[in-house]
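The values are calculated or read from the model by the stated rules, or taken from the named source; none is laboratory data. Please read all numbers here as calculations on a predicted model, not as lab measurements. Every residue, glycine as well, gets a Cβ built from its backbone with ideal geometry; the counts of neighbours run over all protein chains shown. All accessible areas refer to the heavy atoms of the entire protein, side chains included, with ligands and DNA or RNA removed. Shrake-Rupley method; radii C 1.70, N 1.55, O 1.52, S 1.80 Å.
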Amino acid sequence: MDPLDRFLSAARMEEPDEVPVSLLTSARFFSHFYGIKVFQFFHDPKLMLDASLHTMRLFPEIVFFPGLWADYGIVVEPSAFGSRIFWPENYVPYVRGELLENPEDIMGLEPPDPKTDGLMPFVLESIQYMQKHAPKNTKYLYAVARGPFQVASYMRGHTEFLVDLTVRPDVARKLIDVCTETTIRWLRVQLEVIDNPIGIYVPDDNASFLSPGLFEKFGLPAYKRIFSEFDGLLKVYHNDADSTHILDLLAQCDFQVFNFSPATDIRTVKQGIGQKVCLMGNVDPVSVMLRGTPEKVEEDCKSCIQIGGPGGGYILSLGGGPSMETPKENVEAMVRAAKRYGRYPVLGG
Amino acid sequence: MDRESLKSIALKLEALDIQGTVEDVKRALNEKIAPFEVVQNGLSPGMDKIGEKYERKEYFLSELSLAAYIMKGAMELLGPRMKASRERSLGRFLVGTVKGDLHDIGKNLVSMMLTSAGFEVYDLGVDVPDEKFLQKAAEIKADFVGMSSLLTTTMPSMKSVIELLKNNGIREEVKIFVGGAVVTQSFADEIGADYYAKDAMECLRKARNSITKGK
Ligand code: B12
């Protein structure tokens, strides 16, 4: 099996020949390995493509997910609403939670038009550029849109948004509705542009900041709505904050692959939501992958494989994106661990 | 009866009763209980309970944010009256998230725990330039400087702030606290910070201890 087939087989809850290895596509990681400043990566679709292909070739056994990705960081959706964007020279762009400082501004809010608003048209151009110029064996595969809780928090302010859920529930609900609609529309428009899309990717860390009660009330309906719109495509959800307390609710949300945090115990995840959904994770991206020795990486990967691997439906990965200066040897140690301990049948450790 | 009103504040805060807490604070002030007393023996024990519930995973960030909101309302009543009796505060604690870093959820919790315990907290927010830490620390005559960083790329700023304080002769006037998900005790030692804390509760414990111990 080639690495992508292996990945897709695990995503279908099967046992491939061996445990697939995946890292999240990252502007920081790709720029670092290609030797450019992160700002340059965003600035020029050619550099974006070259840096992506270069790093992918450097690690042929790794499936970068979502593969080619016209990534402009977490600012794309807020920019379409009118948020001010800050561009550091060698890091990802950011917005501050200042656009909706005044809760009164929320009631009249409308979802943006992805074809004309903010950075969205640039992303669409870059998608087209990348799929036109990428080599035949590297296809553009997924549409990506941040989930409603992340987008809402960026615009309203993270703490303010959490307070609204209790103090101004109607305002919070309105904001979540508009952001949910935005996620759906934005995915749809990308799917129109991508030649042969196979899936959608929705990162949304901030959902884990809600208590189970609030998540059930606000999160569950929003997620059900998003994921039910895209049947027939592979649906991947990412959340690298501790989501232990909402795992049972997430299991009802109808996505097929779950990339989760090192703070969420993989054993608990495997026994619960992991019976239904393919797991992708959850080696610690900082304390192990960035700062650990290759031996430590291999040891942690082994343990993840032995807990996550049995029965299939498991992809070895990090619980979050790879850090910029992750040592090459540690990435290689991860691949080695999958070869050594991930041959099916994998038995529990 | 003093004790009763203070106990009631603690219980209402713990239950996240927005209006109830503020009303009880008003009542306590009407009963001529000293504002500092209200913080130390009303809000603070309530907040300790909230912290415990968070550690036991009965409360989550949504509840902690709500607690911060209630605290803010209470402090708006208490703050102006406390200025007069400043000598009774546990000390001036300057906090901020270092330059280039926007993560503030953890730092806000630290601010909240410290405020509720009776520290006078000055929060510089996020993406704070080194010079701002220096300038504000000097201006308010801070007793403590707390820096938060959640990115390995922004951690080095903690070191440069310490250098800056040193070069301007006020390093020895302050106790330096560092924290944030990617910060470790060994990093804190390496850059010459006085204290590292893994979470807001530990930060509060260490800050309280440092007062009795000296530096
Ligand atoms: C929420 C989050 C965000 C939110 C932040 C919202 C906000 N307003 O704070 C958003 C979505 C904006 C965000 C953005 C990014 N993030 Co982020 N984020 C997180 C996440 C999931 C949780 C952090 C959190 O709030 N935890 C909850 C609080 C309560 O915990 P805490 O912050 O650790 O704070 C506690 C203690 O550390 C301590 N403490 C904190 N501060 C202080 C200060 C003092 C003085 C003391 C004593 C103690 C102390 O007490 C606190 C309370 O108990 C972490 C992963 C993780 N598990 O930590 C990644 C993480 C920190 N993010 C990461 C990254 C990479 C990013 C981005 C670059 C992503 C991107 N591609 O754009 C951007 C950077 C933006 C920027 N320039 O800052 C990485 C960092 C990796 C690295 N090598 O540096 C992490 C570790 C995720 C990962 N990949 O592993 N992120």
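Given only helices, namely DSSP H runs of n ≥ 4 each adding -39500 (n - 2.57), what is the per-residue ellipticity at 222 nm of chain A, to the nearest 500 deg cm²/dmol? Working shown, then result.
On the way: 14 runs with 149 residues, N = 349.
After summing the helix terms and dividing by residue count, I get -13000 deg cm²/dmol.
Sticking to Cα atoms, compute the Rg of region A:55-116 to one decimal and its Dmax as the biggest Cα-Cα distance, whole number, in Å.
Considering region A:55-116 through its Cα atoms, Rg and Dmax are 16.3, 51 Å.
Roughly speaking, what is the centre-to-centre gap between region A:310-349 and region B:51-129 when only Cα atoms are used, to the nearest Å?
40
Treating only the Cα positions of region A:149-213 as identical point scatterers, give the base-10 log of I(q)/I(0) from the Debye formula at each q in 0.15, 0.20, 0.21 Å⁻¹.
With no solvent term, the Cα-only Debye profile gives -0.54, -0.81, -0.86.
Quick one: in chain A, what % of C-alpha pairs are over 30 Å apart? Working shown, then result.
Details: 20232 of 60726 pairs.
Roughly 33 percent, rounded to a whole number.
In degrees between 0 and 90, to the nearest 10, how far off the longest principal axis of chain A does helix A:169-193 point, with axes built from Cα atoms?
So the inclination is approximately 60 degrees.
Share of antiparallel DSSP beta bridges in the protein assembly as shown, in percent to the nearest 5?
On the way: 3 of 44 bridges.
Around 5 percent antiparallel, to the nearest 5.
Averaged across B:98-105, how many Cβ atoms of other chains sit within 10 Å of each residue's Cβ atom? Show your work: numbers first, answer last.
Working: counts 0, 1, 5, 2, 8, 1, 5, 7.
Per residue, the number of nearby Cβ atoms from other chains is 4 on average.
If the chain between A:Glu192 and A:Gln40 were fully stretched, how many nm would it gain, using 0.36 nm times the residue separation less the Cα-Cα distance? Kindly include the intermediate steps, with their values, before the conclusion.
Numbers: separation 152, 0.36 × 152 = 54.72 nm, distance 2.73 nm.
This chain segment gains 52.0 nm when fully extended.
For B:Lys166, give me every one of the lysines with a C-alpha distance below 19 angstrom, ignoring sequence neighbours fewer than eight places off in its own chain.
B:Lys166 reaches B:Lys99, B:Lys132, B:Lys136, B:Lys141, B:Lys175, B:Lys215.
Rounded to the nearest 500 deg cm²/dmol, what is the calculated helix-only ellipticity per residue at 222 nm for chain B, with -39500 (n - 2.57) per DSSP H run of length n ≥ 4?
Details: 10 runs with 122 residues, N = 215.
The per-residue figure over chain B is -17500 deg cm²/dmol.
Where q = 0.17 Å⁻¹, what log10 of I(q)/I(0) comes from the Debye formula for region A:61-177, counting one point per Cα?
With one equal scatterer per Cα and no solvent, log10 I(q)/I(0) is -0.88.
Using a Förster distance of 41 Å, how high is the FRET efficiency between B:Glu76 and A:Gln275, based on the Cβ-Cβ distance and rounded to 0.05? Can you show the working numbers first?
On the way: r = 50 Å, r/R0 = 1.21.
Efficiency computed from Cβ-Cβ geometry: 0.25.
Let me understand region B:89-213 better: what is its radius of gyration from the alpha carbons, and its Dmax, in angstrom?
In order Rg, Dmax, the Cα atoms of region B:89-213 give 12.6, 35 Å.
Report, in degrees rounded to the nearest 10, the 0 to 90 angle that the Cα long axis of helix A:328-341 makes with the longest principal axis of chain A.
Once rounded, one gets 60 degrees.
Considering only DSSP states other than H, G, I, E and B, which trypsin sites (Lys or Arg not before Pro) in region B:48-130 qualify as loop sites with at most 11 other Cβ atoms within 10 Å?
Those satisfying the criteria are B:Arg56.
Counting C-alpha atoms alone, how compact is region B:2-85: give Rg to one decimal and Dmax as a whole number, in angstrom.
Rg and Dmax of region B:2-85, Cα atoms, are 12.2, 38 Å.
Can you tell me the FRET efficiency between A:Arg57 and A:Trp87 if r is taken as the Cβ-Cβ distance and R0 is 22 Å, rounded to the nearest 0.05? Working shown, then result.
On the way: r = 28 Å, r/R0 = 1.27.
In this case the efficiency is close to 0.20.
Using a 10 Å cut-off around each Cβ of peptide B:52-64, what is the average number of partner chain Cβ atoms that fall inside?
Working: counts 0, 0, 0, 0, 0, 5, 2, 1, 12, 10, 14, 7, 3.
Partner-chain Cβ atoms within 10 Å, mean over residues of B:52-64: 4.
I'd like the distance separating the alpha-carbon centroids of region B:148-192 and region A:1-35, in whole Å.
So the two Cα centres are separated by 37 Å.
Rounded to the nearest 0.05, what FRET efficiency is calculated for B:Glu190 and A:Thr244 with R0 set to 35 Å and r the Cβ-Cβ distance?
Values: r = 32 Å, r/R0 = 0.92.
With R0 = 35 Å, the Cβ-Cβ based efficiency is 0.65.
Highest mean first, what order results for A:139-150, A:80-91 on Cβ atoms within 10 Å?
Numbers: A:139-150: 24.5, A:80-91: 16.1.
Ranking, from highest mean packing down: A:139-150, A:80-91.
With solvent modelled as a 1.4 Å probe, how much accessible area in total do chains A and B shield from it at their shared surface, in Å² to the nearest 100?
On the way: alone 13900 and 10600 Å², together 22700 Å².
About 1800 Å² of accessible surface is lost on pairing.
Convert each backbone phi in region A:31-36 into a coupling constant with the Karplus relation 6.51 cos²θ - 1.76 cosθ + 1.60 (shift: θ = phi - 60°), then list the ³J(HN,Hα) values in order as whole Hz, x for Gly and Pro.
Here the 3J(HN,Hα) series is 4, 4, 6, 8, x, 10 Hz.
Order A:Tyr314, A:Tyr154, most accessible first, counting only protein heavy atoms with a 1.4 angstrom probe. Before the final figure, lay out the partial values.
Working: A:Tyr314 0, A:Tyr154 25 Å².
Final ranking, largest accessible area leading: A:Tyr154, A:Tyr314.
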